């Protein structure tokens, strides 16, 4: 597989976009503690919610999802303008995920990628995004455990991608994203096995 210079620009742009950690940015703008300093220490919407500020958590969720969606959307525009193939779009999806998880602007200490992945999948195919969002919502409401809902949705993502998207490059990208997301939840997996995993809305 060969990458053009335009592909590389798309990948770098997506990574830098992903490196914008909205949990940290929103918390700072709203005068809240750094989300990396309390709760799970994860800069994500669920941990920001532990601060008790629902507005900050909602803005974090929206920002992280939006950057995932925007990275893929912009990659599609670049692909159309510069005659790039689906590799550029799939690469952007993976790059924005890497940026979120290991952000260059925040000493490579990022989030777990759930909201960003949701935005990515919605941009790749709205049916895929909505189906996985529904899975997460149903499981999160039923179990009240965000990490468990995210892990099960991550396991379902490659299967639904295979069914809904014909290009194998998208399936490969989603598989890698799912593996990364699961790996980033290693502490949550331990908590789930020990029966000690926190629930949605728990205070820090």
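No value in this document is a laboratory result; all are computed from the given coordinates. Keep in mind that this is a model prediction, so the values were computed, not measured. Positions of Cβ are generated from backbone atoms using ideal geometry, with glycine treated the same way; all protein chains shown enter the neighbour counts.
Observations on the model:
- With the simple model of a label 7 Å out from the Cα in the direction of the Cβ, residue 16 to residue 164 spans 3.1 nm.
- Cα-based helix-to-principal-axis angle, 126-143 vs the chain, degrees rounded to 10: 20 degrees
- Column: log10 I(q)/I(0), Debye, Cα scatterers of the chain, q = 0.19 Å⁻¹: -1.34
- Computed from Cα atoms, the angle from the helix 114-124 axis to the main principal axis of the chain rounds to 30 degrees.
- Rel. contact order, % - alpha carbon contacts under 8 angstrom, at least six apart, the chain: 23 percent
- Normalising by residue count, segment 89-204 has a Cα convex hull of 104 Å³ per residue.
- For the options 20, 98, 165, a Gaussian network treatment of the chain with springs between C-alpha atoms closer than 10 Å singles out 165 as fluctuating the most.
- Length gained when the stretch residue 28-residue 77 is fully extended (0.36 nm per residue, less Cα-Cα span): 14.4 nm
- Short-range pairs are left out: with C-alpha atoms under 8 Å and at least six residues apart, the relative contact order of segment 135-204 is 33 percent.
- The label-point distance for residue 2 and residue 108, in a model that sets each label 7 Å from Cα toward Cβ, rounds to 3.1 nm.
- Projected onto their three principal axes, the Cα atoms of segment 144-190 cover extents of 35, 19, 10 Å, largest first.
- Spatial separation of Cα centroids for segment 98-112 and segment 130-173, in angstrom: 22 Å
- Ellipticity estimate at 222 nm from DSSP helix runs (n ≥ 4, -39,500 (n - 2.57)) divided over the chain, nearest 500: -23500 deg cm²/dmol
- Using alpha-carbon coordinates, inclination of helix 168-184 to the longest axis of the chain, degrees: 20 degrees
- Applying 1/(1 + (r/R0)^6) with r as the Cβ-Cβ distance of residue 155 and residue 190 and R0 = 22 angstrom yields a FRET efficiency of 0.80.
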